[in-house]
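These notes concern the structure reproduced below.
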Amino acid sequence: MTPTELTNKAAQIRRTILETALKAKKGHVPPAFSCVEVAVALYYGGILNVRPDQPDWDGRDRFILSKGHACLTQYAILADLGFFPAAELDHFAGNGAMLPGHPEPHIPGVDAISGSLGHGLGFAAGMAYAARMDGKTWRCFTILGDGECQEGSVWEAVMFAGHHKLGNMVGILDSNKLSATDFVENIVTLKPIADRFQSCGWDTATINGHDFGAILSALDPARLKQQTKPLMIIADTVKGRGVDFMENSPNWHHQMPKGEQITAAFAQLGG
């Protein structure tokens, strides 16, 4: 897709996220909004090698959404690509629904469960290490949040991947500066975050996480083929991106818009 087409697709995905959450009367909309451009670039920008008609194809790239509460972004994309019928979105988080409130591997296109934060990067490191041992050429991509980087399990995975020089592993930090109830810097500072990854043997790149040009450049397939170390893309993002009253607010983590807020949100999202 062209940058314009990717921008339009991102707007469409945000509308689907909001529609799905409103129908279910639950969901984490602002955390899902902050990683939309990154996820759209991965799936529609020629980065992830996947087959919607063969979700378990052995040669696929693996993708783990470590910040699993943002699952509506992944679900909206997987439905749009045809991994499963879009009608499944109407039953999101319902009793017996295929799509629960956090990703699970029974869902076509989902490679790992990610309900408990802080474990996605560990999953990815194990998968990438196994791929190397088995002589596989696929890569493992992970989107994680900056809030979960305050958990020790993340840094165990960072040290492991760096030590083993897992060049087939790419992390994307959705750095929206907020956790569930407060700004990340008010809880435990992560600065200087790039230096911390580099000290553990990672390459890093810091980008605007809402700029498709920057995202695609950082994830250029030709560059990834040359990686001899794990790569962490630090994507500077805005929680609630696209709806002004949600943006950069510690009050909007799993809150649902109501009344005129709904009308205003859809107006800002172009629908």
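Summary of values
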read-out	value
At most 15 other Cβ within 10 Å, DSSP loop - trypsin sites (Lys or Arg not before Pro), the stretch 126-232	136, 165
Karplus-derived 3J(HN,Hα), 6.51/-1.76/1.60, for each residue of the stretch 214-231, Hz, glycine and proline x	5, 5, 5, 5, 5, 9, 4, x, 5, 5, 5, 5, 8, 5, 10, 10, x, 10
Ratio of the Cα radius of gyration of the stretch 88-238 to 2.2 N^0.38 Å, where N counts its residues	1.08
Cα centroid of the stretch 164-206 to Cα centroid of the stretch 69-144, whole Å	21 Å
Of all DSSP beta bridges in the chain, antiparallel share, percent nearest 5	5 percent
Residue order, fewest to most surrounding Cβ atoms within 10 angstrom, among 43, 129	129, 43
Rounded to the nearest 20 debye, dipole of the chain from Cβ charges on Lys, Arg, Asp, Glu	220 debye
Helix runs (DSSP H) in the chain reaching 30 Å along axis by Cα, Kyte-Doolittle at least -0.5	3-24
Distant-in-sequence amide H partners of residue 111 (H built 1.01 Å from N, under 5 Å)	63
The stretch 1-62: trypsin sites (Lys or Arg not before Pro) falling in loop per DSSP and having at most 11 other Cβ within 10 Å	25
Relative contact order computed over the chain (Cα-Cα under 8 Å; 6+ residues apart), in percent	22 percent
Percentage of interatomic Cα-Cα distances in the chain larger than 31 Å	20 percent
Share of alpha-carbon pairs per 5 Å distance bin for the stretch 176-250, given as whole %	3, 14, 19, 20, 20, 13, 8, 3, 0
Sorted peptide list for 228-241, 73-86, criterion being average Cβ within 10 angstrom, highest first	228-241, 73-86
In order through the stretch 173-188: 3J(HN,Hα) via Karplus (6.51 cos²θ - 1.76 cosθ + 1.60), integer Hz, x for Gly, Pro	8, 7, 8, 9, 6, 10, 9, 5, 10, 7, 5, 3, 5, 7, 9, 9
The stretch 16-99: radius of gyration over Cα atoms, expressed as a fraction of 2.2 N^0.38 Å	1.08
The chain: most fluctuating residue of 252, 57, 202 per GNM, C-alpha cutoff 10 Å	57
Note, ³J(HN,Hα) from phi for the stretch 83-93, Karplus 6.51, -1.76, 1.60, rounded to Hz, x at Gly and Pro	5, 8, x, 4, 4, 5, 5, 5, 10, 3, 6
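Computed from the coordinates by the stated procedures, all read-outs in this text should not be read as laboratory data. Please read these numbers as outputs of a predicted model, since none were measured by experiment. Positions of Cβ are backbone-derived with ideal geometry, glycine not excepted, and every protein chain shown enters the neighbour counts.
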